[in-house]
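A quick write-up on the structure given underneath.
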Amino acid sequence: MDTLHKIGRRKTAVARIYLSEGKGDVTVNKKDLKDYFTTGVLQYKVTQPFQLTETMGNYDVSINVNGGGITGQAEAVRLAISRALVELDEENRKALKPEGLMTRDPRMVERKKFGQKKARKKFQFSKR
């Protein structure tokens, strides 16, 4: 198996992953997973597809991620890894789909409108 390339997105974060057979090394922007995603929750989000498909430690993953915040980046990486695992073996879809890992979250920040303070908040109204 050669390297598999997939893309995942969440809000404005874009994650490009390169998955290849190995011993389970995960590098994010040339840093170790634990150095880039410091909290346990974010590390769990990134490794969740491997845990659900029971392929933990079978693949090396090199990740380039930019844009958005740290949580959006972690969820973008999760989507990309899920897509790669499904392409490797279609049986993995049965484990990932019910958990919602194959769905791209479409929610984005609403744009600010002119004549208003924010997207929905208005300037203070003064009668006199």
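No value in this document is a laboratory result; all are computed from the given coordinates. None of these values were measured; they are calculated from a predicted model. Here Cβ is always computed from backbone atoms with ideal geometry, including for glycine, and neighbour counts include all displayed protein chains.
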**Unmet requirement for Y59, which otherwise passes all of (1) in contact with a helix residue (DSSP H, G or I) (Cβ under 7 Å, 6 or more places away or on another chain); (2) over 13 Å from G8 (Cα atoms); (3) of a type outside the set (S, T, N, Q)** = (1)
**Prompt:** In the list A84, A74, which residue meets the criterion of being more than 18 Å from H5 (Cβ to Cβ), aliphatic (A, V, I, L, M) and out of contact with any Gly (no Cβ under 8 Å at 6 or more places or on another chain)?
**Reply:** A74
**Request:** Could you tell me whether segment 35-46 includes any residue that is in contact (Cβ under 8 Å) with a residue 40 or more places away in the chain and of a type in the set (A, V, I, L, M)?
**Result:** no
**Request:** For T39, state whether it is of a type in the set (S, T, Y) and under 21 Å from D2 (Cα atoms).
**Result:** no
**Request:** Kindly check whether there is at least one residue in segment 115-125 that is among the basic types (K, R), in a loop (DSSP other than H, G, I, E, B) and touching a residue at least 12 places away in the same chain (Cβ under 8 Å).
**Result:** no
